[in-house]
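The values are calculated or read from the model by the stated rules, or taken from the named source; none is laboratory data. Computed from a predicted model, the values in this text were never measured in an experiment. All Cβ positions, glycine included, derive from the backbone under ideal geometry; neighbour counts span all protein chains shown. Please note that ligands, DNA and RNA were not included when accessible areas were found on the heavy atoms of the full protein model with its side chains. Shrake-Rupley method; radii C 1.70, N 1.55, O 1.52, S 1.80 Å.
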Amino acid sequence: MGCTMPAPPKNRLRTSLLILLWLGLSALAGWGSYHVARDYALDSLQVDGNHRLDLYTASLQREIDKYAFLPGVMALQPQVQSLLQVPDDAGLTLYVNRYLEALSQSAGTLSVYLLDHSGRVLAASNWQRADSFVGEDLSFRPYVQQALRQGYGRYFGIGTTRGEPGYYLTTPLGQGEQRGIAVVKVGLSLLEHSWAAAESPVFVSDENTVLMLSNVPQWRFTTLDVLDDAQRARLKSSLKYNQQALQPLNWKILDSSLQGNSAVQLVELPGGVDASPGYSSGQFLALSRTLAGSPWKMTVLLPLASALPLAQSRAWLTAVMVALGLMLLALLLQRRSHLREQLAARQALQQAHDALERQVQQRTAQLQSANTALQQEVAERMQAEVTLRAAQDELVQAGKLAVIGKLSTEVAHELNQPLAALRALAGNSQRFLERSQTDMVQSNLQRMADLSDRMGRITGQLRNFARRSLDMPQAVPLADVMEPALALMQPRMDRCGAEVVCDIPAQLRVLCDTNRVQQVLINLLGNALDAMLQQSTPRIEIGGEVKDGQAHISVRDHGPGLSEQALAHLFQPFFTTKLKGEGLGLGLSLSSDIAKASGGCLQGRNHPEGGAVFTLSLPLADTQPLL
Ligand code: ADP
């Protein structure tokens, strides 16, 4: 079962805040959208309402205008004029009554009647009816006063006789004492006829907010405002609304700030009039317009039922769209930030890579320069080594020449003897020739030739020793290396009377530079002789053996041996215990270097039975051990 790590509290708080912000923004967008949609719907409703108001006012005006000419038509009738002049003429009155009755019937009005200048009814279309108002005084009626005052009258009212509501159109007729007033009363149903097809409620209210016309019959003679007792009493005394109860219309204004109009709801009000069934519970937008030339207002009610739910659904739709849009935006922003992070990481990686590359380049350059310096140093060291080797060669050669210098006395002495003998033999040979003793001469010549050979051998050995070494190791029998060294030292040994015992196996072969090794051996023999100068019978023992895979040549003398000081500094250059001019202190140092260069070594020690022993180790020429 997998488990998820709980998010840290800081992240949780941030997520909660973001969700709240998301919900808040979505709700705000929905709220804003609702208002915009509602305003738009209200605008549309208002446009629609204004169109309806245009239509209904025009229809109403047209209906009224249809009857406006009737008073004028009455004036054209000569009997009407005559009746005004002779109001008590019964025949004339009958005639006019019939005329007015016929006129009313043909025009479809409620009634048509003629008043004299005092407001008394002279003739009327309803002259035959029991409730005919012929002879009544109607001077108190506002439409009468309007006609007398302004030349015409337009008045909504309820008849005082029959209590029948209608629209009164009045026109003065005649002049002076013969002046009269023609009155046409049009039934409201005729005026309301044009609104019959209206889908929504429409009504006309007068200056007292009393609904005079309405396509909802129950609303007629209700009031928009709730009247107090004083107002009610005043209106009652005016007889304008006759005995109508003037109950308030059962509506409630919800909002009166809708662009100059009001939202209303039809409700049950205590004492109010029941609304018609179709409009009982709806909300409406009430649009009003004052009718031209009157204080009356026409009002249409447009149902909000279609506009508000639409605004609500638009608000929901907008809220959902905004929520989705915000989610999309959040996703895009997250993706963008993720991409930015990726880019930054890539750039950082690239920078690190570049930095590393630079470092590598720097290090490579440093290494190259170090390598170049090293190569230069190696070359310099090689050069130094070559120089050192050359110097060492020179030193070895110098050491050799020093040895030769030491040998020169003995060599000269060795050569002087045969030279003297040669001279003597040559003198003797002359005398033998003078005596013609040729056999003696021949014998002398033979001896002279032998002496020359001997001298040649001595100089040859010296020359061989003196020549510069080729530094080329060769496999040679050790005895062959030893023999020329002993031969060179022979004159000196003879002079010292030294005894040399050489015990070197004939088959012992070493790998070495003969000339150099001879130089070492001559040094060792010379030092041995020097150590035994005071002895009457010096003795040198030379041995050769194979040990630990190397050839070991030992030179032992019977001198005083090596002092402690000599043992400590034996192979140091310029260490000597000899007098000035007799030793340079380079012999053992150079000999040790030659031994090491040959792949061996040189060691010095005291023999347990006295005297010094020097052992020169050299590589064997043959790998097979000696038997
Ligand atoms: P040099 O012979 O010119 O003094 P070496 O290097 O050959 O230089 O010898 C150094 C010293 O070692 C000598 O001066 C001597 O004191 C000591 N030495 C060498 N060989 C012997 C020997 N066989 N017996 C005693 N001392 C020796």
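Taking the criterion of being modelled with pLDDT of 70 or more and in a helix (DSSP H, G or I), the residues of region 192-201 that qualify are E192, W195.
Scanning region 489-516 for residues that are within 16 Å of the ligand (Cβ to nearest atom) and either open to solvent by less than 20 Å² (accessible area, probe 1.4 Å) or in contact with a helix residue (DSSP H, G or I) (Cβ under 7 Å, 6 or more places away or on another chain) (or both) yields M489, R492, M493, C496, A498, V500, R516.
Every test in (1) assigned to a helix (DSSP H, G or I); (2) touching a residue at least 12 places away in the same chain (Cβ under 8 Å) is passed by F133 save one, and that test is (1). Residues that are more than 11 Å from the ligand (Cβ to nearest atom) and of a type in the set (S, T, N, Q) within region 595-622 comprise S598, Q603, T615, S617, listed in sequence order.
When region 60-81 is examined, which residues are found to be of a type in the set (F, W, Y) and in a helix (DSSP H, G or I)?
Pass one, region 60-81, residues of a type in the set (F, W, Y): 67, 69.
The one that is of a type in the set (F, W, Y) and in a helix (DSSP H, G or I): Y67.
In region 282-310, the residue that is most open to solvent (accessible area, probe 1.4 Å) out of those that are hydroxyl-bearing (S, T, Y) and within 14 Å of T209 (Cα to Cα) is T290. Among the residues of region 595-611, those identified as small (G, A, S), touching a strand residue (DSSP E or B) at 6+ places or on another chain (Cβ under 6 Å) and not in a loop (DSSP other than H, G, I, E, B) are A595, G604.
For region 431-514, which strands (runs of 3 or more DSSP E) that fit wholly inside it have 3 or more residues that are touching a residue at least 24 places away in the same chain (Cβ under 8 Å) and within 24 Å of H558 (Cβ to Cβ)?
Numbers: elements: 474-477, 499-503, 509-512.
Passing ranges, in order: 499-503.
A single entry from L100, L84, L25 fulfils the requirement of being in a helix (DSSP H, G or I), in contact (Cβ under 8 Å) with a residue 24 or more places away in the chain and over 30 Å from R120 (Cβ atoms): L25. Against the numbered list (1) more than 12 Å from the ligand (Cβ to nearest atom); (2) under 30 Å from M472 (Cβ atoms); (3) open to solvent by 20 Å² or more (accessible area, probe 1.4 Å), S536 comes up short only at (2). If you go through region 215-242 one residue at a time, how many are closer than 16 Å to F156 by Cβ and not hydroxyl-bearing (S, T, Y)? The qualifying residues number 10.
Of the residues that sit in region 546-594 and are of a type in the set (A, V, I, L, M), part of a helix (DSSP H, G or I) and within 20 Å of L395 (Cβ to Cβ), which one is nearest to the ligand (Cβ to nearest atom)?
Taking region 546-594 as the starting set, the residues that turn out to be of a type in the set (A, V, I, L, M) are 546, 551, 553, 555, 562, 566-568, 570, 579, 584, 586, 588, 590, 594.
If we keep only those that are part of a helix (DSSP H, G or I) too, we end up with 566-568, 588, 590, 594.
After this cut, where a residue has to be within 20 Å of L395 (Cβ to Cβ) as well, the list is 588, 590, 594.
Working: L588: 3, L590: 8, I594: 13 Å.
The residue in question is L588.
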